[in-house]
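Q: Right, I'll just put the structure down here and ask away after.
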Amino acid sequence: MKPSELNRRKFIKGTAAAAGLALLPGVPNEAFADYGHGKINFVEEKKTIITPAEPRIKFGVIGINHSHINAMVDAVTRGGGQFVSFYAKEPDLAAAFARRYPQAKQVDNENKVLEDPTIQVIMSSIIPDERAPLGVKVMRHGKDYLVDKPGIITLEQLAEVRKVQKETKRIYSIMYSERFENKGTVKAGELVNAGAIGKVIQTIGLGPHQINPKTRPDWFWDKKRYGGIICDIGSHQFDQFLYFTGSTSASVVFSEVGNVNHPAYPLFEDFADVVVRGNGGMGYVRNDWFTPNGLGSWGDGRLTILGTEGFIEVRKNIDIGLPQKGGNHVYMANQKDTQVFDASNLELPFGKLFVDDVVNRTETAMTQAHCFLATELALKAQKNAQVIPLKLS
């Protein structure tokens with residue numbers, strides 16, 4: 001069921017009457033502090049002990065050009081995947097990856113992964129412009145595909161992927177890690193699902209990043225290789241917009257991109273923002289490469305969800321007022337009170353749901369339509385964006 005369709009009364013009924021929205025099932029007693037005419041309720045999620053799942057599927061990896069592949073492997077392993085083999089053409093990347101995952105066999109040709117009849121899923125974080133072509137090959141080999149974002153970088157690639165996915169009925173999934181691998185965002189989903197802020201009206205997604213030029217490969221600076229800033233970073237924000245508003249159709253109202261402070265890299269984009277409107281709500285997206293070195297995190301990623309009965313803000317990676325506590329801070333205010341959640345102990349559900357979908361041919365982790373629509377919006381916003389001048393007057 002879509003988050004925006006759920007009834008707020010279900011959430012209120014399930015909480016303790018004496019504290020309004022104070023006590024959620026499974027949450028320990030918490031401290032209270034006065035805040036104006038109401039109270040702030042500090043809630044720490046109960047720590048969940050996660051044990052490795054019994055293997056239900058076998059998977060392989062082709063291409064490891066972004067470290068996101070580590071989180072992808074770990075998520076599917078937690079969900080019941082057994083890592084069998086991998087191929088990477090870069091010896092230095094392959095050596096480090098082999099040390100991290102000694103249980104997987106390193107092979108010398110991608111076809112040895114593609115043609116292994118025991119493997120059901122192939123994952124990849126290959127260079128972005130190579131991800132969709134690889135996914136087409138994976139599906140035509142009768143396997144499901146989980147790829148790092150951006151999973152597709154042109155509308156032409158998207159059309160081909162959609163065609164082959166429809167023909168083969170294989171799963172083409174993109175790891176939108178800012179939702180699937182961020183515990184604060186997962187907690188926000190639980191609250192919205194429970195109707196805690198009523199019907200969602202708008203999302204504001206901010207995706208700031210730290211650039212660290214010396215660590216970046218050549219392809220990072222070339223828009224033709226990574227697809228552009230909206231295609232790349234912005235794909236996360238479009239995924240969250242669709243999920244939290246429950247939108248099944250949407251259009252880009254306005255978008256702009258620019259390279260406003262990196263003249264040494266003319267094919268690079270360092271800033272973008274977008275306005276989007278769906279059949280379930282509205283959204284605003286801002287992406288940039290201006291996170292300062294002094295922050296202590298690669299980016300102060302934020303998500304604000306506005307509802308008819310309140311709002312939620314997720315501080316994903318850091319709260320600069322609480323730098324020692326890391327990320328996964330969730331703030332909520334509604335008609336009853338104000339709550340602060342520490343979601344750092346929450347269990348991440350994506351890996352299990354994804355493996356369930358591979359085994360059962362279902363769409364519980366993410367529907368195929370949602371996956372493709374989030375990408376389509378990012379690609380259209382990127383293609384039709386107004387260009388900001390290099391030097392702003």
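The values are calculated or read from the model by the stated rules, or taken from the named source; none is laboratory data. Note that the structure is a prediction, hence the values are computed from the model and not measured. FYI the Cβ positions are ideal-geometry reconstructions off the backbone, even for glycines, and counts take in every protein chain you see. In case anyone asks, the SASA skips ligands and DNA or RNA and just uses the protein heavy atoms, side chains included. Shrake-Rupley method; radii C 1.70, N 1.55, O 1.52, S 1.80 Å.
Q: Under a 1.4 Å probe, what is the accessible area of region 250-336 per residue, stated in Å²? The partial results should precede the final answer.
A: Values: 3890 Å² over 87 residues.
Dividing the accessible area of region 250-336 by its residue count gives 45 Å².
Q: In whole Å, largest first, what are the principal axis extents of the Cα atoms in region 292-393?
A: So the extents along the principal axes, rounded to whole Å, are 50, 42, 33.
Q: So what does MET123 come to for accessible area, using a 1.4 Å probe and Å² rounded to 10?
A: MET123 has an accessible surface of roughly 0 Å² with all protein chains in place.
Q: Could you tell me the center-to-center distance, by alpha carbons, between region 320-345 and region 86-119 in angstrom?
A: 40
Q: While we're looking at this one, here's another question. Hey, which of these cross-link pairs are over 28 Å Cα-Cα: LYS352/LYS380; LYS105/LYS149; LYS166/LYS380; LYS58/LYS183; LYS112/LYS187; LYS112/LYS183?
A: Cα-Cα > 28 Å for LYS352/LYS380; LYS112/LYS187; LYS112/LYS183; rest within.
Q: Under the Karplus relation 6.51 cos²θ - 1.76 cosθ + 1.60, θ = phi - 60°, what is the ordered set of whole-Hz ³J(HN,Hα) values for region 329-346, x standing for Gly and Pro?
A: Rounded to whole hertz, the list is 8, 10, 10, 9, 10, 9, 5, 9, 6, 10, 10, 10, 10, 9, 9, 5, 9, 5.
Q: Pulled fully out, how much extra length does the chain show between GLU309 and LEU155, if you take 0.36 nm times their separation in residues and subtract their Cα-Cα distance?
A: The GLU309-LEU155 span can extend by a further 51.7 nm.
Q: Between GLU167, GLU130, GLU309, where does the largest GNM mean-square fluctuation fall for the chain, given springs only between Cα atoms within less than 10 Å?
A: GLU167
Q: Still on this structure, please answer the following. With angles folded into 0 to 90 degrees, how steeply does helix 234-245 sit against the dominant principal axis of the chain? Use alpha carbons for both and round to 10.
A: 40
Q: Here is a further query. Please list, or write none, the aspartates and glutamates whose alpha carbon is within less than 12 Å of the alpha carbon of LYS143, excluding same-chain residues fewer than 8 places away.
A: Cα-Cα hits under 12 Å: GLU115, ASP116.
Q: Now for a different question. Under 19 Å from a label point 7 Å along Cα→Cβ of ASN109: give me every residue in region 57-99 with its amide N that close.
A: It comes to 60-63, 85-91, nothing else.
Q: Need one word for region 162-275: rounded, prolate or oblate. Basis is the Cα gyration tensor (sqrt eigenvalues a ≥ b ≥ c); a/c below 1.5 gives rounded, then a/b vs b/c decides.
A: prolate
Q: Along the Cα→Cβ direction, 7 angstrom out, place labels at THR367 and ASN279. What is the inter-label distance in nm?
A: Label at THR367, label at ASN279, 0.9 nm between them.
Q: Right, next: Below 8 Å between Cα atoms, with a sequence gap of 6+, how large is the relative contact order for the chain in percent?
A: 21
Q: Also: For the chain, what does the helix formula give at 222 nm: sum of -39500 (n - 2.57) over DSSP H segments with n ≥ 4, over the residue count, nearest 500 deg cm²/dmol?
A: Taken over the chain, the calculation gives -8500 deg cm²/dmol.
Q: Can you send over the carbon and sulfur percentage of the accessible area for the chain, probe radius 1.4 Å, protein chains only?
A: After summing per-atom areas, the C and S share lands at 54 percent.
Q: As an exercise, use a Förster radius of 41 Å and the Cβ-Cβ distance of VAL359 and ASP92 to find the FRET efficiency, rounded to the nearest 0.05.
A: With R0 = 41 Å, the Cβ-Cβ based efficiency is 0.70.
Q: Which value, in Å² rounded to 10, gives the accessible area of LYS325 with a 1.4 Å probe and all protein chains present?
A: Its heavy atoms expose roughly 130 Å² to the probe.
Q: Any chance you could give the angle, 0 to 90 degrees and rounded to 10, that helix 155-168 forms with the longest Cα principal axis of the chain?
A: 80
Q: Calculate, in whole percent, how much of the Cα-Cα pair population of the chain lies beyond 37 Å.
A: Counting every Cα pair in the chain, those more than 37 Å apart make up 22 percent.
Q: Using the beta-carbon distance between ARG99 and THR215 and R0 = 22 Å, what value does 1/(1 + (r/R0)^6) give for FRET efficiency, to the nearest 0.05?
A: 0.70
Q: Connecting C-alpha atoms closer than 10 Å in a GNM of the chain, tell me which of THR364, THR154, THR375 has the biggest fluctuation.
A: THR364
Q: Which of these, GLY234, GLY294, GLY327, has the largest mean-square fluctuation under a Gaussian network model of the chain (Cα springs below 10 Å)?
A: Taking springs between Cα atoms under 10 Å, the residue moving most is GLY294.
Q: Here is a further query. For GLU347 and VAL387 in the same chain, what is the full-extension length gain: residue separation times 0.36 nm, less their Cα-Cα distance, in nm?
A: 10.3 nm
Q: I've got another one for you. Given a cut-off of under 8 Å on Cα pairs at least six residues apart, what relative contact order in percent is computed for region 112-239?
A: 27
Q: Antiparallel versus total DSSP beta bridges in the chain: what percent is that, nearest 5?
A: That works out to approximately 55 percent antiparallel.
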